[in-house]
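*Asks:* Below is one structure. I have some questions about it.
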Amino acid sequence: MHTQDLLAADTAMGAVTLRVADLDRMTAFYRDGIRLALLSNAGGVAVLGRGTTPIVVLEHAPSMQHAAPHEAGLFHTAILFDTRADLAAALYSVATQYPQSFTGSADHLVSNAFYFTDPEGNGVELYWDRDRTEWSWTHGMVDMDTKYVDPNAFLQEHLTASALESAAAQPGRVGHVHLSVGDVPTARAFYVDKLGFATTAGWGEALFVSAGGYHHHMAMNTWNSRGAGRRQLALGLGLVRIEVPAADDLGALVARMHDTGVQTADDGRTVAFEDPWANRIEVTTPGRG
């Protein structure tokens, strides 16, 4: 791909919106379990994050039904912590407050990650990145693996009282978003050829893509959703946000999407569109809104 066909190197992920049936229960999980700060809660919408950075937006939608397990949608929202102590504090909190939510852990070579499922079935990854100088690349693809991490040993080594006390005030953000999709070639055609991410890894039924040489800002897999079609309105994923650094980057994205036949909507603050499975994507830049 030519440079002009790629998203800007400083592209990042924004807050993920989830439609939820029980707003109080879900707010408690992300606030008391994951240890996110409740930044606002009004009009049936709760915004939670770290410091002043929104990470999860919960929209109360009690009339909606849960999607079937095999349908497209969210696989997990991945929350990135700056230090292993901050990750350990969140891990300790959710594992003690919501022990049944824990689903696994992994050393991915580029990161340490711990996995959970929230009370309404949405996947959550908590992770910390190794320094980029420690990542390995082979023929343009980042080397990743899935090796077991003992969560108790991780806590013993990295948990500190100060990190526990100041958890919600410490930095954190959405590091990547992982989607369940119907097939990988269609995902590649949309997220790489049209949207402008670069492919960084492929594991059979999974695709990993990023901007600026990150290991991945987004991923798509068919592990539970092979053959899934367009989503119907349901609980779960409501919106994926992508943030590009400048207005010119947003303009280039809009032109690229137009040239490849993707319909977009621009309200003056965000440019919105849908992927092939009706997952809504919004792209914005700090100068807007």
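The values are calculated or read from the model by the stated rules, or taken from the named source; none is laboratory data. This one's a predicted model, so the numbers in the text were calculated from it and none came from an experiment. Counting neighbours? That spans all protein chains shown, and the Cβs are built from the backbone with ideal geometry, glycine included. Just the protein is used for accessible areas: all its heavy atoms, side chains included, with ligands, DNA and RNA removed. Shrake-Rupley method; radii C 1.70, N 1.55, O 1.52, S 1.80 Å.
*Asks:* Hey, in the GNM for the chain with a 10 angstrom Cα cutoff, which one of ALA211, ALA28, ALA15 fluctuates hardest?
*Replies:* ALA28
*Asks:* I want the antiparallel fraction of DSSP beta bridges within the range 51-146, as a percent rounded to 5.
*Replies:* Counting only bridges with both partners in the range 51-146, antiparallel ones make up about 75 percent.
*Asks:* Ok, one more. Rounded, prolate or oblate, given the Cα gyration tensor of the range 159-289, with a/c below 1.5 counting as rounded?
*Replies:* Since a/c reaches 1.5 but b/c is at least a/b, the shape of the range 159-289 is classed as oblate.
*Asks:* Out of the range 111-179, which chymotrypsin sites (Phe, Trp or Tyr not before Pro) are coil in DSSP terms and have no more than 12 other C-beta atoms within 10 Å?
*Replies:* TYR148
*Asks:* A follow-up question, please. Give me the net charge of GLY175's neighbourhood, meaning all other residues with Cβ under 9 Å from the Cβ of GLY175; Lys, Arg count +1, Asp, Glu -1.
*Replies:* Here the count lands on -1.
*Asks:* Moving to a separate point now. Return an integer: the convex hull volume of the alpha-carbon atoms of the chain, in Å³ per residue.
*Replies:* Here the figure is 131 Å³ per residue.
*Asks:* If you restrict to DSSP beta bridges whose two residues both lie in the range 217-289, what percentage is antiparallel, to the nearest 5?
*Replies:* 60 percent
*Asks:* What number, in percent, do you get for the relative contact order of the chain if the mean sequence gap of Cα pairs under 8 Å and at least 6 apart is divided by its residue count?
*Replies:* About 24 percent, as a whole number.
*Asks:* Please work out the average accessible area per residue across the chain, using the 1.4 Å probe convention, and give it in Å².
*Replies:* Each residue of the chain exposes 44 Å² on average to a 1.4 Å probe.
*Asks:* Using DSSP, restrict attention to beta bridges with both residues in the chain and report what percent are antiparallel, rounded to the nearest 5.
*Replies:* 75 percent
*Asks:* Please report the relative contact order for the range 135-207, taking Cα pairs under 8 Å with a sequence separation of at least 6, and give it as a percent rounded to a whole number.
*Replies:* In percent, rounded to a whole number, it is 37.
*Asks:* Would you mind pulling out the separation of the Cα centroids of the range 96-130 and the range 139-209, in Å?
*Replies:* Taking the Cα centre of each part, the range 96-130 and the range 139-209 sit 11 Å apart.
*Asks:* Once the other residues with Cβ under 13 Å from the Cβ of ASP24 are scored (Lys, Arg +1; Asp, Glu -1), what is the net sum?
*Replies:* -1
*Asks:* Now a separate question. Work through the residues other than ARG256 whose Cβ is under 13 Å from its Cβ and net out their charges, Lys, Arg +1 and Asp, Glu -1.
*Replies:* -4
*Asks:* Can I ask one more? Please give the contour-minus-distance gain from THR53 to ARG226: 0.36 nm per residue of separation, less the Cα-Cα distance, rounded to one decimal in nm.
*Replies:* Length gained, THR53 through ARG226: 58.9 nm.
*Asks:* Mind computing the radius of gyration and Dmax over the alpha-carbon atoms of the range 1-114? Å is fine for both.
*Replies:* 16.2, 48
*Asks:* Please say if the range 36-193 is rounded, prolate or oblate, where rounded means a/c under 1.5 for a ≥ b ≥ c the square roots of the C-alpha gyration tensor eigenvalues, and otherwise the choice is prolate for a/b larger than b/c and oblate otherwise?
*Replies:* Judged from the Cα gyration tensor, the range 36-193 comes out oblate (a/c at least 1.5, b/c at or above a/b).
*Asks:* Here's a follow-up. What value in Å³ per residue do you get for the convex hull of the alpha-carbon atoms in the range 97-169?
*Replies:* Expressed per residue, the convex hull around the Cα atoms of the range 97-169 is 139 Å³.
*Asks:* Go ahead and estimate [θ] at 222 nm for the chain from helices alone: -39,500 (n - 2.57) per DSSP H run with n ≥ 4, summed, over the residue count, rounded to 500.
*Replies:* Value at 222 nm, helices only: -5000 deg cm²/dmol.
*Asks:* Counting alpha carbon pairs within less than 8 Å and at least 6 residues apart, what relative contact order, in whole percent, applies to the range 1-136?
*Replies:* Over the range 1-136, the number comes to 22 percent.
*Asks:* Sticking with this structure for a sec: When ranked by the protection proxy of mean other Cβ atoms within 10 Å per residue, highest first, what sequence do the peptides 262-272, 71-81 form?
*Replies:* Ranking the peptides 262-272, 71-81 by packing returns 71-81, 262-272.
*Asks:* Quick one: pull the percent of accessible area on the chain belonging to carbon and sulfur, 1.4 Å probe, ligands and nucleic acids left out.
*Replies:* Result for the chain: 49 percent of the exposed heavy-atom area is carbon or sulfur.
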